[in-house]
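Asks: Input: one structure, supplied below.
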């Protein structure tokens, strides 16, 4: 994996942002020469960073996660946030960033991201971030930690994309339905991942197994069952 270069990222983001803006102004069309002119670059320079126009537009989405991580690094005590707080912070912040180019996002999110034949960089970045939140959370139950795998992260990433789609189509006042849905979903996920019922159940089974002879002898209903089995 190539090392992160802030200057290269900044240039690529500026190109992608300009392209997204021109795409919206041009009713779904833009030209490399216009992007270059907007940034006072030579058109040939653009191809030093991107192979084609679609890759420029897709980078706009991938860059959102990098920008988010940069913002989070400035939040004191973010690592001590609960899982629900981290998930909510990510979702609400991303909604705000998507709103910066809302017309572009409305027109391209399904085409470039949701309906892509292959996993996009944006999806990989979302998955990586969610995985980071979960793996670095010390409050996760043991059973949850064991159950987490590539399929789990892929499922969570897909549900996040659906949440973004809901946000895009939410016509409630100030998208209040999306806000409430996000709060409830993140609270549910935290309860799911923090819940220790399975951990305690497994511990109880281990305890029973380690002391099974004593329990069979001293617990009346178990003794009765065993006696009936012996008689039959």
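The values are calculated or read from the model by the stated rules, or taken from the named source; none is laboratory data. Treat the numbers as computed from the prediction; the structure is a model and nothing was measured. Ideal geometry is used to build each Cβ from the backbone, glycine not excepted, and the neighbour counts take in all protein chains shown.
Asks: Given the condition in contact (Cβ under 8 Å) with a residue 12 or more places away in the chain, surrounded by fewer than 17 Cβ atoms within 10 Å (Cβ to Cβ), within 26 Å of residue 23 (Cα to Cα) and outside the structural domain of residue 183 (by TED's automatic domain parsing), answer yes or no: does some residue in the stretch 52-74 qualify?
Replies: Checked the stretch 52-74: at least one residue is in contact (Cβ under 8 Å) with a residue 12 or more places away in the chain, surrounded by fewer than 17 Cβ atoms within 10 Å (Cβ to Cβ), within 26 Å of residue 23 (Cα to Cα) and outside the structural domain of residue 183 (by TED's automatic domain parsing).
Asks: Okay, moving on. Can you say whether residue 109 is surrounded by 12 or more Cβ atoms within 10 Å (Cβ to Cβ), under 20 Å from residue 23 (Cα atoms), assigned by TED's automatic domain parsing to the domain that holds residue 157 and out of contact with any strand residue (DSSP E or B) (no Cβ under 7 Å at 6 or more places or on another chain), as far as the supplied structure shows?
Replies: Against the criterion (surrounded by 12 or more Cβ atoms within 10 Å (Cβ to Cβ), under 20 Å from residue 23 (Cα atoms), assigned by TED's automatic domain parsing to the domain that holds residue 157 and out of contact with any strand residue (DSSP E or B) (no Cβ under 7 Å at 6 or more places or on another chain)), residue 109 qualifies.
Asks: Which of the residues spanning the stretch 129-169 are surrounded by 14 or more Cβ atoms within 10 Å (Cβ to Cβ), free of Cβ contacts under 8 Å to residues at least 24 places away in the same chain and within 22 Å of residue 80 (Cα to Cα)?
Replies: 131, 148
Asks: Ok, one more. Does residue 104 meet the test of being more than 21 Å from residue 185 (Cα to Cα) and in contact (Cβ under 8 Å) with a residue 60 or more places away in the chain?
Replies: For residue 104, the condition - more than 21 Å from residue 185 (Cα to Cα) and in contact (Cβ under 8 Å) with a residue 60 or more places away in the chain - is met.
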